[in-house]
């Protein structure tokens with residue numbers, strides 16, 4: 001089974017500006033990968049190449065075994081743009097009908113019903129887009145991206161304009177998509193959201209991948225904290241392997257230990273180290 005999405009040596013030149021400079025990215029079947037980077041890093045360009053909306057200058061991009069932009073690749077993928085706009089007079093059901101026609105889906109009413117239930121809009125089937133909250137429109141956007149049962153989903157900033165409750169709803173939806181083996185490439189600035197839901201992260205800066213892997217693999221040890229005798233002691237050079245001995249030594253020494261924490265860098269720290277390291 002090929003990767004749901006694969007980019008190899010991907011480059012993109014806009015005149016004198018190089019948006020991508022040899023990017024390698026893979027998204028496995030059913031995997032949720034977070035795409036991170038500052039503004040202008042090349043994230044949206046990478047997503048648009050994967051969707052077939054932008055042509056690469058060099059390298060290759062493949063969706064479910066087919067060249068990105070081909071009929072076969074388009075049939076296997078779904079896409080939600082960051083600044084999507086749906087007709088305000090259109091109902092949720094009518095919008096999905098339109099996208100079924102555009103995608104060539106024969107799923108009919110049954111597919112529309114399933115998708116609306118999946119995104120929590122079963123009771124809003126006949127509601128017009130202009131009468132929906134931003135969170136509802138965002139979920140409807142994900143529903144339209146899932147028309148035709150795609151195996152690969154490209155999402156560009158799907159939670160950026162949502163409140164915490166709305167982000168939690170979308171996060172739950174992404175976890176459900178993982179259970180359904182739908183692969184997702186999630187372009188986002190919200191590191192906390194990516195850290196909670198993504199299997200792996202790819203950090204891009206100045207058109208290049210500067211870090212990639214599981215957050216726990218990229219994390220660096222930050223020492224051990226122990227709550228002991230009414231205070232917190234920090235052991236900066238220690239890691240998980242030393243934590244047990246630290247606690248044992250304190251107990252043998254007659255101290256009362258109330259808690260122990262093995263500290264590692266957060267995704268935000270990993271991100272800043274990768275991006276600022278490349279900038280220096």
Could you pull out the residue among 129, 147 that is closer than 19 Å to residue 92 by Cα, buried (at least 21 other Cβ atoms within 10 Å of the Cβ), more than 16 Å from the chain's Cα centre (by Cα) and assigned by TED's automatic domain parsing to the domain that holds residue 39? 147
Of the residues in segment 69-80, those that are free of Cβ contacts under 8 Å to residues at least 60 places away in the same chain and either buried (at least 17 other Cβ atoms within 10 Å of the Cβ) or touching a helix residue (DSSP H, G or I) at 6+ places or on another chain (Cβ under 8 Å) (or both) number 3
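Looking at segment 106-223, what helices (runs of 4 or more DSSP H) fall wholly within it and have at least 3 residues that are closer than 24 Å to residue 53 by Cβ and touching a helix residue (DSSP H, G or I) at 6+ places or on another chain (Cβ under 9 Å)?
Hits in segment 106-223: 134-145, 164-179.
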Would you check which residues across segment 72-98 are within 19 Å of residue 48 (Cα to Cα) and not in a loop (DSSP other than H, G, I, E, B) and list them? 72, 73, 74, 75, 77, 78, 79, 80
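Residue-wise test of (1) modelled with pLDDT of 95 or more; (2) over 24 Å from residue 181 (Cβ atoms); (3) in a strand (DSSP E or B).
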residue: 1; (1), (2), (3): no, no, no
residue: 8; (1), (2), (3): yes, no, yes
residue: 11; (1), (2), (3): yes, yes, yes
residue: 24; (1), (2), (3): yes, no, yes
residue: 40; (1), (2), (3): no, yes, no
residue: 44; (1), (2), (3): no, yes, no
residue: 47; (1), (2), (3): no, no, no
residue: 61; (1), (2), (3): yes, no, yes
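Listed here are the residues, each with its yes/no results for (1) under 19 Å from the mean Cα position of the chain (by Cα); (2) on the phi < 0 side of the Ramachandran plot; (3) at pLDDT below 85; (4) surrounded by 12 or more Cβ atoms within 10 Å (Cβ to Cβ).
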| residue | (1), (2), (3), (4) |
| --- | --- |
| 184 | yes, yes, no, yes |
| 189 | yes, yes, yes, yes |
| 199 | yes, yes, no, yes |
| 208 | yes, yes, no, yes |
| 216 | yes, yes, yes, no |
| 219 | yes, yes, yes, yes |
| 231 | no, yes, no, no |
| 236 | no, yes, no, no |
| 267 | yes, yes, no, yes |
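Quick one: which of 277, 259, 253 is surrounded by fewer than 15 Cβ atoms within 10 Å (Cβ to Cβ) and within 30 Å of residue 25 (Cα to Cα)? Write out each step before concluding.
Details: 259 fails: within 30 Å of residue 25 (Cα to Cα); 253 fails: within 30 Å of residue 25 (Cα to Cα).
Being surrounded by fewer than 15 Cβ atoms within 10 Å (Cβ to Cβ) and within 30 Å of residue 25 (Cα to Cα) holds for just one of 277, 259, 253, which is 277.
From 141, 172, 166, which residue is more than 23 Å from residue 77 (Cβ to Cβ), within 17 Å of the chain's Cα centre (by Cα) and in the same structural domain as residue 73 (by TED's automatic domain parsing)?
The unique qualifying residue is 166.
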Taking segment 29-47, which residues are over 13 Å from the mean Cα position of the chain (by Cα) and either closer than 22 Å to residue 270 by Cβ or surrounded by fewer than 19 Cβ atoms within 10 Å (Cβ to Cβ) (or both)? 29, 38, 39, 40, 41, 42, 46
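The values are calculated or read from the model by the stated rules, or taken from the named source; none is laboratory data. All values derive from a computational prediction rather than experimental measurement. Neighbour counts are summed over all protein chains in view; Cβ atoms, including those assigned to glycine, are modelled from backbone coordinates with ideal geometry.
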